[in-house]
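Notes to accompany the following structure.
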Amino acid sequence: MKRTINVESLRQMPIEEQAIELVERKCIGHPDSIADGVAEAISRALCREYEDQCDAVLHHNTDQGEVVAGASLPSFGGGRIVRPIYLLLTGRATKCFNGTVIPTDATAVEAARTYLKQTLPTLNMERDIIVDCRMGDGSTDLCDVFRTCGGNAVPRANDTSFGVGHAPFSEVEQIILAMDEEIASVLRPKNPMIGYDLKIMGLRHGDQMTYTIASAMVDRYCSSINDYVEVTEIMKEELEAVARRYTKRRVSVAVNTADDIKSQSLFLTVNGTSAEMGDDGSVGRGNRVNGLITPNRPMSMEAASGKNPINHIGKIYNLLSTEIAKEACGKVDGITEMYVRLLSQIGHPIDHPLVASVQVIPADGADFGSISREVEEIVNNRLANISSITERVIKGELKTF
């Protein structure tokens, strides 16, 4: 059956030519990102457990987790937690199959605690956080849709929903992702005071870029106000250098602009996350599957993290749309910008969306007919091999936030 693929020329000012661009990223220790990361870790763990116990991935969705903030008393040289963070694991999972009981709740708790240990190594798992699992059983009608996905059959969509992706990334988008990587791989290992909860907000106003960084600092590695100020200045200098690798536009970076140095009102924490001192978090409230929040671009509001990777459109189509856009922009000449939207219809095979809509801003003088044919072929091939998304998600090769 022929797929419904529509490629159209989009008459729109490219993002790099617009006067204002806003881009945001909530980094790994932000409460919303903690919720996303835990949800996705649980889904992957359940997939492995189901495959071990039942030789197939069973129906589950663990995309309803909540981080309830604790309370702390940070202090130079090391403070303490006075009320632990509360992590609530909810969602749905198949708990029994053909007479076999699957330890879904125990698997979820273990996956959550393992993820937290790896992500927030400063956290005292015995004292600083409570992990509480309250997962229910899967919805009967959705489990029925899921069961028909067994064997070699193409999975049937669990919902009528859509996924959205775009490419290429703008300079601001690239810079924010590069800043996050620089902090994680270079700056934090050299300066362990830098915590895990950061928000990076980028503004491009014409040819002026301003990046505002909110970074939690870990108090046990900070002996004085001078240490604190020194590290914020290092971050400013190093992150400005990162930005200049990607752009010739003017760049400025500001770190922890809410600080009041004179009164020593600082973003100082015990464990490097605001989840210990008043900030809650929810799955799906942070980054999209491309790792960014991009109000200048079309976006889906789906919470991809924790959704099952077999037939949940909210996960699969958002990941696939982004990959299609990246591949096409990398292989097809003459594309200035590209937007992909995939719409499912519940109960129908996921490799045949109700529509695959592609919008292309062609470069001046480009042959749109040629672009359209090449892009349609890429979309068609990607849909025909949609199961690769599932495989890579289970292996942890694709990020959802």
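All of the numbers you see were taken from the coordinates with simple rules; none came from a lab. What you see is a predicted model; the values in this text were computed from it and never measured. Cβ: placed from backbone, ideal geometry, glycine included. Neighbour counts: every protein chain shown.
Here are a few things to note about the model shown:
- Inverting the pair-averaged 1/r between distinct Cα atoms of region 173-260 gives 13.2 Å as its Kirkwood hydrodynamic radius.
- Label-point separation in nm, Arg3 to Asn380, each point 7 Å along Cα→Cβ: 1.0 nm
- Of Asp333, Asp260, Asp351, the one that fluctuates the most in a GNM where the chain has Cα springs shorter than 10 Å: Asp260
- Of the DSSP H helices in the chain, those whose Cα atoms cover at least 20 Å axially and whose Kyte score averages 0.0 or more: 313-331
- Tyr86-Arg249 pseudo-label distance in nm [points 7 Å out on the Cα-to-Cβ vector]: 4.3 nm
- The chain, helix-only ellipticity at 222 nm - DSSP H runs n ≥ 4, -39,500 (n - 2.57), divided by all residues, nearest 500: -10000 deg cm²/dmol
- The packing ranking, built from the mean of other Cβ atoms within 10 Å per residue, places the peptides 177-188, 334-345, 8-19 in the order 334-345, 177-188, 8-19, highest first.
- Convex hull per residue volume in Å³, alpha carbons only, for the chain: 130 Å³
- In this simple spin-label model, placing a label point 7 Å from the Cα along the Cα-to-Cβ direction at both Ile130 and Ala106 gives a separation of 2.3 nm.
- Applying 1/(1 + (r/R0)^6) with r as the Cβ-Cβ distance of Gln53 and Arg373 and R0 = 41 angstrom yields a FRET efficiency of 0.35.
- Taking the C-alpha atoms of region 273-315, convex hull volume expressed per residue in Å³: 94 Å³
- Charge-dipole axis of region 146-242 as Lys and Arg at +1 and Asp and Glu at -1 on Cβ define it, positive-most pick from Ile225, Ala157, Ala167: Ala157
- Cβ crowding within 10 Å averaged over residues, with 95-105, 165-175 ranked highest first: 165-175, 95-105
- Amide proton proximity set for Ile335, modelled H, under 5 Å, gap of 5+: Ala363
- Across region 64-81, rounded Karplus estimates of 3J(HN,Hα) from the backbone phi angles (6.51 cos²θ - 1.76 cosθ + 1.60, θ = phi - 60°) give 10, x, 9, 9, 9, 5, x, 9, 9, 10, x, 7, 3, x, x, x, 8, 8 Hz, Gly and Pro being marked x.
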